[in-house]
Every structure is written in structure tokens, then in C-alpha cells.
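Since the structure comes first, as C-alpha cells, the remarks are kept for the end.
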Amino acid sequence: MLKRTKPLLTDSALPSLNYLIAIISFIALACLSIGIAASSRNLEALQRWILISFLILFSLFGLIISVWLILRQARRNAVSIASKKTDWEIMLPKNQRAKLNREVREIASILETPEEQFSDLVSAYVVAVDLALRQIQQEAKTPLMRYVCIGNAEFDAVLMKQDFVICIELVFLVMPIVPQEKINLLLNKILVAQETFKQINFEAKIKLLLVVVTQLDRIQEKELRSNLIKKFLSTPVDVDIRLLDFESLQKIYAID
């Protein structure tokens, strides 16, 4: 079960102290500038008041921006710390096997693959998933966790980036169509993950990254992308879609 361990006080106290020092230093510098400008004898009264007004407005604007940046960075730090102190649960091997067989059976049904070639299709699917996850990790420049459970929702991978938890689902398509049932299943998974994070007070934003591995031509790929955008357009879930070509992945990672 996904759970949080008790955070250490020093994990959040030190960054907060640094931010407080930065704010005080900024305010002190602004006050010093205003004082120097106001005490100048070379300025007329109107010029002095214009300069003082400008410095006050500039200081307030700078303070607002600084506080916003500090709060944003503090949130990212809190999510990063929480992630390190979260006991992530890994999918059981039998669940991974069941998902693999279910996905490959769907592909075999579409391609009308003979039963004696089913093992070859399984091997190709395993390679496609592995290469796709390698590519996503390379693009994100962040290590990812494979086959993770968040509550009752199972994902092919999860990665942490800034204050986002990105849940990754892979789909291997041989036709430019994604059944609505599969879309609904993905959306339900994200809703379950969001509810799980609320229960354990994990204040991270959740995003779904749908990675589609294909062997389609450009026209079919364009059709697929259009269909996916339409299906996810009105959903309440933050979704990114990444299309990867299986042949290109093999050239990058598997073929010299």
C-alpha cells in the first residue's frame, strides 16, 4: 500500500530559513535605497516624491515576485522531499504478466496472428515497451520507476519532475484508433491516483503521459494524433501524448 513516512523537521526548516533571509535582505535593500533617495539635497520636492513613489512601487512589485517564486520553489522542494519519503508499491509479477498478455492478445486479434507466432509477438511487445521507456527517461533526463501502483491504479512507469508526478502508460498500436474503453480506463486510473494522494496528503500535481508506440505511416499517425486529441480534449485530467515509432526506437537503442 502506498504510504508516507514521517518527514524530518530539518528537511523543510532549512529551505524555509533561507527563503526568509532572502526576503528580509530584499526588504532591507529596498528601504535603504528609498532612504538614500529621500535624503538627497539635489532633488526638488516633486522629483523626490516621484522617485520615492517609484522605488516603493518597484519594491512592492519585487517583493510580490520574490514571494511567488519562493512559494513555488518551496512547493517543489516539499514534493521532492515527500517523494523520497514515500513507500512506492511495485506491481506484482503476476499483474505485469496479465497486463502484457492482455495487450498482446488484443494486438494479435487485430493482426490475426497465428497462435504459433504469439510468442514472437510477445517478445516484440516487451522490446517495444522497454525501448519506449528508455526514450521517455532520456527525454525527461530523470530516472523513472517502472510498474508502480498508486492505490489500486497500476502504471507502466512513474517519474517525478518539479512538483509533478507523471504517470506513464504505454500503448502499442497497429491501427490509428484507440478504443474509448481504453481511454476511460486510463482516466479512471488517474482519478484513483489523485484520490490516493489526497488520502496520504501528498501535495503533488498529477499528469498522465500516454506513450503510443506505433508502426504507422505519416498519414495514419496524423489521424491517430487527431483522434487522441479529440478524445482527451474535454477531460478534467492533465494529459500529454507522445508518439514513438518502433522502428526508430530500435535504430536508436538496439541496432548498430
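Brief remarks follow.
Let's see how each residue does on (1) within 18 Å of ALA124 (Cβ to Cβ); (2) touching a strand residue (DSSP E or B) at 6+ places or on another chain (Cβ under 6 Å):
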residue: LEU191; (1), (2): no, no
residue: GLU195; (1), (2): no, no
residue: LEU208; (1), (2): no, yes
residue: ARG225; (1), (2): no, no
residue: PRO236; (1), (2): no, no
residue: ASP245; (1), (2): yes, no
residue: SER248; (1), (2): yes, no
residue: ILE252; (1), (2): yes, no
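- Within the range 208-230, the set of residues being crowded, with 17+ Cβ neighbours inside 10 Å and touching a helix residue (DSSP H, G or I) at 6+ places or on another chain (Cβ under 9 Å) comprises LEU208, LEU209, LEU210, VAL211, VAL212, VAL213, THR214, LEU216, LEU228.
- Scan of the range 216-256 for residues that are in a loop (DSSP other than H, G, I, E, B), hydrophobic (A, V, I, L, M, F, W, C), free of Cβ contacts under 8 Å to residues at least 60 places away in the same chain and more than 30 Å from ALA193 (Cα to Cα), ordered by number: LEU216, ILE255
- Residue match in the range 151-167 (condition: within 21 Å of VAL237 (Cα to Cα), out of contact with any strand residue (DSSP E or B) (no Cβ under 7 Å at 6 or more places or on another chain), of a type outside the set (Gly, Ala, Ser) and modelled with pLDDT of 90 or more): yes
- Scanning the range 102-123 for residues that are free of Cβ contacts under 8 Å to residues at least 40 places away in the same chain and surrounded by 13 or more Cβ atoms within 10 Å (Cβ to Cβ) turns up VAL104, ARG105, GLU106, ALA108, THR113, PHE118, LEU121, VAL122.
- Count - residues of the range 139-168 that are on the phi > 0 side of the Ramachandran plot and of a type in the set (Ser, Thr, Tyr): 1
The values are calculated or read from the model by the stated rules, or taken from the named source; none is laboratory data. Since we're looking at a predicted model, the values are computed, not measured. So basically every Cβ, Gly included, is an ideal-geometry build from the backbone, and we count neighbours across all protein chains shown.
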